[in-house]
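K.L.:
First, the structure itself, so that you have it in front of you.
Throughout, read-outs are computed from the coordinates displayed, never taken from laboratory work. Since the model is a prediction, treat every value here as computed from it, not as a measurement. Cβ atoms come from the backbone with ideal geometry, glycine included; neighbour counts cover every protein chain shown.
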Amino acid sequence: MATETPTPRRTPAGAAVLRDDVTEAIRAAVFAELAAVGYGRMSIEGIARRAGVGKAAVYRRWSSKLPLVLDVVSAVATLGLPTPDTGSLLGDVRMLLGVCARALKHPVAAQIIADLLAEASRSPDIAQTLQDALRSTQRGITDIVVRRAVDRGELPVGTDLDLALDLITGPLYWRVAVMRTPLPKGYLDRLATGTVAALGAS
């Protein structure tokens, strides 16, 4: 009895194939729209127009603008910040401050962060995403920096990690993102020295 050769499975006609280049174009358009009009006025139509695609291309990937923005913010945050390893706590803190300052002073980032924080006060979903994506990423880096400092004998065992994170990022964020005042020459050096001293480094 002859054995039938299995027929290869075919992709159904009309099935959507999510092209990576289109997805990336939409992600870039989200950031541009957030910076240009803010979350409240942002629309799927505007995103699609800026990305050069139809609305259907957006809706095939995300059901509405909220999950779209949450996904994009999370994806960018997971890229994270570089984990410094300069050999000293002061050097590590100074490097972190420099990287954070450059990110916060970027005009697009400054506009988007302020807008999303305002929206977070009205949307628990946005608030939770910012908490998970941004603070968790920074906390992981701070944990490594603090543990290395403890191993070198620069910080005492049991150093409060959450306090360390607040001391390292809080003052800089307040000045750059909230007050939006320029950083004087040598400010980051002085801030790094003060932060290390506040952490109780030997």
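K.L.:
Return the lysines within reach of Lys55: Cα separation strictly under 24 angstrom, same-chain partners fewer than 8 residues apart disregarded; answer none if there are no such residues.
P.N.:
Lys65
K.L.:
Through the Karplus equation 6.51 cos²θ - 1.76 cosθ + 1.60, θ set to phi - 60°, convert the phi angles of region 85-97 into ³J(HN,Hα) values in whole Hz; use x for Gly and Pro.
P.N.:
So the J values, rounded to whole Hz, are 8, 8, x, 8, 5, 4, x, 5, 5, 4, 5, 4, 4.
K.L.:
What's the Kirkwood radius of region 80-198 in Å, using all Cα pairs?
P.N.:
Value: 15.1 Å, from the Cα pair sum.
K.L.:
Please order Arg61, Arg152 by the number of other Cβ within 10 Å, starting at the fewest.
P.N.:
Sorted ascending by nearby Cβ count, the order is Arg152, Arg61.
K.L.:
Okay, moving on. Quick one: length gained pulling Arg41 to Ala127 fully straight, 0.36 nm per residue minus the C-alpha distance?
P.N.:
29.1 nm is the gain from fully extending Arg41 to Ala127.
K.L.:
If you plug each phi of region 61-66 into the Karplus form 6.51 cos²θ - 1.76 cosθ + 1.60 with θ = phi - 60°, what whole-Hz ³J(HN,Hα) values come out, in order, with x for Gly and Pro?
P.N.:
Those phi angles translate into 9, 9, 6, 7, 6, 5 Hz.
K.L.:
For Arg27, Arg19, Arg139, what's the fewest-to-most ordering of other Cβ within 10 Å of each Cβ?
P.N.:
Arg19, Arg139, Arg27
K.L.:
Then there is this: Rounded to whole Hz and in sequence order, give me ³J(HN,Hα) for region 35-51 from the Karplus expression 6.51 cos²θ - 1.76 cosθ + 1.60, θ = phi - 60°, writing x for Gly and Pro.
P.N.:
So the J values, rounded to whole Hz, are 5, 7, 10, x, 5, x, 9, 5, 9, 4, 4, x, 5, 4, 4, 5, 7.
K.L.:
Okay, next question. Need one number: convex hull volume per residue for region 20-65, Cα atoms only, in Å³.
P.N.:
55 Å³
K.L.:
Which order do peptides 88-101, 44-57 fall in by mean Cβ count within 10 Å, highest first?
P.N.:
Final packing ranking: 88-101, 44-57.
K.L.:
I need the calculated FRET efficiency for the pair Asp21 and Ser64, taking r as the beta carbon distance and R₀ as 22 Å, to the nearest 0.05.
P.N.:
After rounding to 0.05, the efficiency reads 0.45.
K.L.:
Return Trp62, Trp174 ranked ascending by Cβ neighbour count within 10 Å, so the fewest neighbours appear first.
P.N.:
Trp174, Trp62
K.L.:
Something else: Compute from the Cα atoms of the chain the Rg and the Dmax, the latter being the longest Cα-Cα distance, and quote both in angstrom.
P.N.:
22.5, 87
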